[in-house]
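A.B. asks: Sharing a structure below in structure tokens format, with a few things to ask.
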Amino acid sequence: MKKTFPLHAPGKADPRVVEAIKHDVRKYVKRERGKTLPEGFDLWEFACKVGATGPTAAITPLNDVGAAIDAIVNAGGTEVYVEILAVAGHRIPRVAVPVGAAPDAAAAGLAPDPASPLAATDDAAPQSS
């Protein structure tokens, strides 16, 4: 989708126009995610640009498209350019940590915090005479 939306419409309140733009963006993303993926791909990724005009549009993550539209509205813009392109991508696998296993701070190269109660040693225990 490459589209320039006007932010003011006669007979409609400006906040409703902005919500309609965001609704169109969400509807487009939902429709694209429902399409069949090419063989060998796991998910749809979205390349997004948002700006006051096409040439001034900045690359924006999909999660921040709504906030970028709001920023243009708050800056007093009269229109907003939204470009969203669906690209087939691969899911990045997460490394699973076993339940109950704490990450090894020594293996990560981190020193324990001396103020931590877990850093106390038996050497500091009071001695009886």
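A.B. asks: If we scan segment 16-34, do we find a residue that is out of contact with any helix residue (DSSP H, G or I) (no Cβ under 6 Å at 6 or more places or on another chain) and on the phi > 0 side of the Ramachandran plot?
C.D. replies: Checked against the condition, which is being out of contact with any helix residue (DSSP H, G or I) (no Cβ under 6 Å at 6 or more places or on another chain) and on the phi > 0 side of the Ramachandran plot, segment 16-34 yields no hits at all.
A.B. asks: I would also like to ask the following. Restricting attention to segment 49-102, which residues are among the acidic types (Asp, Glu) and outside any strand (DSSP E or B)?
C.D. replies: Those that are among the acidic types (Asp, Glu) and outside any strand (DSSP E or B): ASP64, ASP70.
A.B. asks: On to the next question. Residues in segment 34-44: is at least one surrounded by 15 or more Cβ atoms within 10 Å (Cβ to Cβ), modelled with pLDDT of 95 or more and either in contact with a strand residue (DSSP E or B) (Cβ under 8 Å, 6 or more places away or on another chain) or of a type in the set (Asp, Glu) (or both)?
C.D. replies: yes
The values are calculated or read from the model by the stated rules, or taken from the named source; none is laboratory data. These numbers come from a predicted model, not from an experiment. We place every Cβ from the backbone using ideal geometry, glycine too, and count neighbours over all the protein chains shown.
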